[in-house]
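Only one structure is covered here, and it is reproduced in the block below.
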Amino acid sequence: MARVNDLENALRRVVRGSVRFDQASRLLYSTDASMYQVEPIGVVIPRHADDVRAAVQVAREQQVALLPRGGGTSLTGQTVNRALVVDFTQHMNRVLKVNAEEQWARVQPGLVQDELNHHVRPMGLLFGPDTSTSNRATLGGMLGNNSGGSHSLAYGLTVDHVIEIRALLVDGSEVVFGELTAAELQAKTRGAGLEGQVYREVAAIRETYADEIRARYPKHWRRVAGYNLNELLGVGVRPHSYAGGGNGSPRPLSMARLVVGSEGTLLTILEAKVRLVKRPPATAVNVIHYHDMQEALESSQAILETGPYAVEVTDKLILDLARDNIEQSRRMGWIQGDPAAIMIVEYTGENEAETRSKIQVLEGRRARDGFGYAAHVAYDAGEQRTIWNLRKAGLGLLLGMKGDKKPIAFVEDTCVEPRHLAQFVPRFKEIFAKHDTVGAYYGHCSVGCLHIRPVIDLKVPRGMEQVRAIADEITALVVEFGGTISSEHGDGRARSPFIERMYGPKLMEGFRRLKRAFDPDNRMNPGNIVDSPGILENLRYGVEYKTWEPVTMLDFSNEGGFAAAVEMCNGVGQCRKSLEGTMCPSYMATRDEEHSTRGRANALRAVLSGRMAPREFTGERLHEVM
Ligand SMILES: Cc1cc2nc3c(=O)[nH]c(=O)nc-3n(C[C@H](O)[C@H](O)[C@H](O)COP(=O)(O)OP(=O)(O)OC[C@H]3O[C@@H](n4cnc5c(N)ncnc54)[C@H](O)[C@@H]3O)c2cc1C
Ligand code: SF4
């Protein structure tokens, strides 16, 4: 591998955007919203596709690893690596074209989800998949993780909405991936260069692993773990999906769908053509209140039979944190009593009359089956937004917990068929109890995906033992229920080590073959999906982590000291929101990570934890970041 100086100089000669190799910049890109931290080699912020081509070319010549990056809101460490980071968010963030009639958009990877929806809203359209991070997460990141959200019951995952991907392979050659007939695939296998090699290997994988794909992929479509080899055969894909034309017919082979969810390990996306859906004219929300989480889970099947648009559960721990939060508590007047859980059930209709009649059906069902002690119905759009805001803010509230024990993401994305949830969740709880921890429960009951995080202190050896044991036992539980360990957040560093337990050694070999076909020298975001270094490698906080405490004029004793206050930044990137709010005007103006609050917190933590010299605390670079 080349010396860092050579690499930096070579990049500066050919890239028009920013090239950053100083230590502070590298540290700003060393974290995401996960428990990991890895300092990258350097950062490129491309102005346009030519910059990306130039950077990929230099990386090839100098045999350097690459990591394409969006908002850096990933939860399992797939956005940090010892690599050259390519940050698409500052400049390559535009809607390139919309065809309202045919319902598609062509977008750049750094485009934020909400900005796409803002753009197509006047046309009555919507990009269906909706993450809780939609105000700062990007289309590139959604394609990278195969993201989904509260409305996946209606719209599926990102894979169900991708039509075409224009990307760079690791050797710098450009490809356009979309749907193919079997004959077209055959023709492509006769092509030259790396692209031809990729097609040949894909055709071979399709043939060699067909039986194993049919046998080992979960039947339930809500899955993102591993690579999408199932797309080669149409196994375990969402029935009646929009991508399949909504008529339940098997969808054709698509190279674009194959690479969705590949977490930056196969190629660098330059552009994507994505499907848009009609925005529902009317929605209504019914929030059912329960005395008991188990009662909520048991009622979810009955609720699903009423044809909802979304069914989301939130537990008491999160509701209590919301009550303690100044912003959220002001907007919680609609909560009745002190529920152990609430279920947000949403319906759509052509008009309010239709949504009213659907709510009545649910209320009839509730009266008949006797679940929930109260319900709050919202037809007003503003009130519905308030309710959804609480649901979306849930994880952020949880992560803001004071002290060294934090709700850690590593088993937070499991999914089983919804009808199994009521048996699955108590077993999950038993595992937490066995390892002396508790968890917060929230997520998409509609599709069997619950985000459950154990509260653990990673700065002590006991915390490490808990992570290891819980990850192991939850994987076994998921396999027993025929579910998936990752259903929208991706595998990253936390779950890649467990993929083989889900799919078995033969399919794991198929994953490695796919990776080698695209990336023969293992330079695309290495260590994710295949050949993982292990769940406890490269932790942001570990037993070695120590901080020093500066003398401050303000009193931080409430937060446990200045360093503890800095550590309350959990990296979820809420401060990178671009359309609304006032949190970070400097970020909104510059779209530069170093001007986000997360960037500032990361820079401070770097100095306080000894990753940068203490004198930097009052140095020029920190002054610029602050
Ligand atoms: C509080 C919170 C709530 C969340 N809720 C949800 C949720 O409801 N649903 C959900 O699906 N996820 C959720 N996530 C996870 C995450 O926000 C989403 O998966 C999101 O879509 C990631 O977008 P990003 O722009 O931050 O991508 P990043 O984190 O920057 O990147 C994600 C992956 O995509 C790859 N990638 C990015 N750009 C490119 C490119 N141009 N070419 C190739 N690969 C690329 C990266 O290498 C990486 O592997 C949540 C995260 C947090 C912190
Ligand atoms: S500074 Fe705050 S909003 Fe930004 S990532 Fe950290 S915790 Fe989230």
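The values are calculated or read from the model by the stated rules, or taken from the named source; none is laboratory data. Keep in mind that what you see is a predicted model, and the values were worked out from it rather than measured. When we count neighbours, we look across all protein chains shown, and the Cβ atoms used for this are built from the backbone with ideal geometry, even at glycine. The area values use the complete protein model at the heavy-atom level, side chains included, leaving out ligands, DNA and RNA. Shrake-Rupley method; radii C 1.70, N 1.55, O 1.52, S 1.80 Å.
Considering GLY463, GLY510, the condition of being outside any strand (DSSP E or B), more than 20 Å from the chain's Cα centre (by Cα) and closer than 30 Å to ALA603 by Cα is satisfied by GLY463 alone.
The single condition among (1) free of Cβ contacts under 8 Å to residues at least 40 places away in the same chain; (2) open to solvent by less than 30 Å² (accessible area, probe 1.4 Å); (3) not in a helix (DSSP H, G or I) that VAL530 does not satisfy is (1).
Filter the stretch 412-450 for residues that are assigned to a loop (DSSP other than H, G, I, E, B), open to solvent by 10 Å² or more (accessible area, probe 1.4 Å) and hydrophobic (A, V, I, L, M, F, W, C) and give the result. Across the stretch 412-450, the qualifying residue is only VAL438. With respect to the conditions (1) of a type outside the set (Gly, Ala, Ser); (2) at pLDDT below 95; (3) touching a strand residue (DSSP E or B) at 6+ places or on another chain (Cβ under 7 Å), ARG214 lacks only one, and its number is (3).
Checked against (1) touching a Lys or Arg at 6+ places or on another chain (Cβ under 7 Å); (2) β-branched (Val, Ile, Thr); (3) assigned to a loop (DSSP other than H, G, I, E, B), VAL566 passes all but a single condition, namely (3). Taking the numbered list (1) assigned to a helix (DSSP H, G or I); (2) of a type outside the set (Val, Ile, Thr); (3) on the phi > 0 side of the Ramachandran plot in turn, LEU622 passes all entries but (3). Just checking, does the stretch 587-594 include any residue being of a type in the set (Gly, Ala, Ser) and in a helix (DSSP H, G or I)? Yes - at least one qualifying residue is present in the stretch 587-594.
With the requirement that a residue be aliphatic (A, V, I, L, M) and open to solvent by 10 Å² or more (accessible area, probe 1.4 Å), what does the stretch 113-136 give you? Across the stretch 113-136, the qualifying residues are MET123, LEU126.
State yes or no: is ARG60 assigned to a loop (DSSP other than H, G, I, E, B), more than 16 Å from ligand 2 (Cβ to nearest atom) and either closer than 18 Å to ALA167 by Cβ or open to solvent by 10 Å² or more (accessible area, probe 1.4 Å) (or both)? Even if it seems obvious, please write down each step before you answer.
Values: assigned to a loop (DSSP other than H, G, I, E, B): no; more than 16 Å from ligand 2 (Cβ to nearest atom): yes; either closer than 18 Å to ALA167 by Cβ or open to solvent by 10 Å² or more (accessible area, probe 1.4 Å) (or both): yes.
Judged against the criteria, ARG60 is not a match.
On the given criteria, is THR133 at pLDDT below 95 and within 7 Å of ligand 1 (Cβ to nearest atom)? So THR133 passes the test.
For the stretch 454-486, the set of residues classified as open to solvent by less than 30 Å² (accessible area, probe 1.4 Å), farther than 18 Å from GLY542 by Cα and not small (Gly, Ala, Ser) consists of ILE474, THR475, LEU477, VAL478, THR484, ILE485, listed by residue number.
Test ALA601 against the stated conditions and say whether it is within 22 Å of TRP548 (Cβ to Cβ), touching a residue at least 24 places away in the same chain (Cβ under 8 Å) and either away from ligand 2 (no atom under 12 Å from the Cβ) or touching a helix residue (DSSP H, G or I) at 6+ places or on another chain (Cβ under 8 Å) (or both). Write out each step before concluding.
Details: within 22 Å of TRP548 (Cβ to Cβ): yes; touching a residue at least 24 places away in the same chain (Cβ under 8 Å): yes; either away from ligand 2 (no atom under 12 Å from the Cβ) or touching a helix residue (DSSP H, G or I) at 6+ places or on another chain (Cβ under 8 Å) (or both): yes.
So ALA601 passes the test.
When you check VAL625 against the structure, is it within 15 Å of ligand 2 (Cβ to nearest atom) and out of contact with any strand residue (DSSP E or B) (no Cβ under 9 Å at 6 or more places or on another chain), yes or no? Let's see the steps before the verdict.
On the way: within 15 Å of ligand 2 (Cβ to nearest atom): yes; out of contact with any strand residue (DSSP E or B) (no Cβ under 9 Å at 6 or more places or on another chain): yes.
Taking the combined requirement at face value, the residue satisfies it.
Summed over the stretch 11-45, residues that are assigned to a loop (DSSP other than H, G, I, E, B), open to solvent by less than 20 Å² (accessible area, probe 1.4 Å) and over 21 Å from THR76 (Cβ atoms) total 4.
Which strands (runs of 3 or more DSSP E) does the stretch 274-379 wholly contain that include 2 or more residues that are in contact with a Gly (Cβ under 7 Å, 6 or more places away or on another chain)?
Numbers: elements: 282-290, 310-315, 341-349, 374-378.
Of the strands (runs of 3 or more DSSP E) lying wholly inside the stretch 274-379, those with at least 2 residues that are in contact with a Gly (Cβ under 7 Å, 6 or more places away or on another chain) span 282-290, 310-315.
Entry remark, the stretch 312-357: residues being surrounded by fewer than 23 Cβ atoms within 10 Å (Cβ to Cβ), out of contact with any Lys or Arg (no Cβ under 9 Å at 6 or more places or on another chain) and farther than 15 Å from GLY394 by Cβ number 13 in total. The condition (being over 24 Å from GLN294 (Cβ atoms) and either small (Gly, Ala, Ser) or crowded, with 17+ Cβ neighbours inside 10 Å (or both)) is satisfied by just one residue among LYS406, LYS402: LYS406.
Listed conditions (1) of a type in the set (D, E, K, R); (2) within 16 Å of ligand 2 (Cβ to nearest atom); (3) not in a loop (DSSP other than H, G, I, E, B) are all met by ARG136, apart from (3).
For the condition part of a helix (DSSP H, G or I) and buried (at least 20 other Cβ atoms within 10 Å of the Cβ), what is the one hit in ARG501, ARG516, ARG493?
ARG493
Among residues of the stretch 553-576 being touching a Ser or Thr at 6+ places or on another chain (Cβ under 9 Å) and more than 19 Å from PHE617 (Cα to Cα), the one that is farthest from ligand 2 (Cβ to nearest atom) is ARG576. In this structure, ALA589 does not satisfy being touching a Phe, Trp or Tyr at 6+ places or on another chain (Cβ under 8 Å) and either at pLDDT below 85 or open to solvent by 20 Å² or more (accessible area, probe 1.4 Å) (or both).
Output the residues belonging to the stretch 49-95 that are within 12 Å of ligand 1 (Cβ to nearest atom), aliphatic (A, V, I, L, M) and out of contact with any Pro (no Cβ under 9 Å at 6 or more places or on another chain). Result: ALA49, VAL56, LEU66, LEU75.
Restricting attention to the stretch 551-583, and to residues there that are away from ligand 1 (no atom under 16 Å from the Cβ) and at pLDDT below 80, which single residue is farthest from ALA601 (Cα to Cα)? Taking the candidates together, the pick is GLU580.
Does LEU139 satisfy the condition of being at pLDDT 95 or above, within 20 Å of the chain's Cα centre (by Cα) and open to solvent by less than 10 Å² (accessible area, probe 1.4 Å)?
Considered against the rule, which asks whether it is at pLDDT 95 or above, within 20 Å of the chain's Cα centre (by Cα) and open to solvent by less than 10 Å² (accessible area, probe 1.4 Å), LEU139 comes out as yes.
Just a yes or no: is a residue in the stretch 184-193 among the aliphatic types (A, V, I, L, M), open to solvent by less than 70 Å² (accessible area, probe 1.4 Å) and more than 16 Å from ligand 1 (Cβ to nearest atom)? Steps first, answer last, please.
So the first thing to find is which residues in the stretch 184-193 are among the aliphatic types (A, V, I, L, M), and the list is 185, 187, 192.
Pick out the ones that are also open to solvent by less than 70 Å² (accessible area, probe 1.4 Å) and you get 185, 187.
Of the ones still in play, those that are also more than 16 Å from ligand 1 (Cβ to nearest atom) are 185, 187.
The answer is yes; a qualifying residue exists.
Reported count of residues in the stretch 370-394, each being within 16 Å of ligand 2 (Cβ to nearest atom) and open to solvent by less than 30 Å² (accessible area, probe 1.4 Å), is 2. I'd like the full set of residues that are in contact with a Pro (Cβ under 6 Å, 6 or more places away or on another chain), within 16 Å of ligand 1 (Cβ to nearest atom) and either open to solvent by less than 10 Å² (accessible area, probe 1.4 Å) or free of Cβ contacts under 8 Å to residues at least 60 places away in the same chain (or both), limited to the stretch 251-308. Scanning the stretch 251-308 gives a single hit, THR268.
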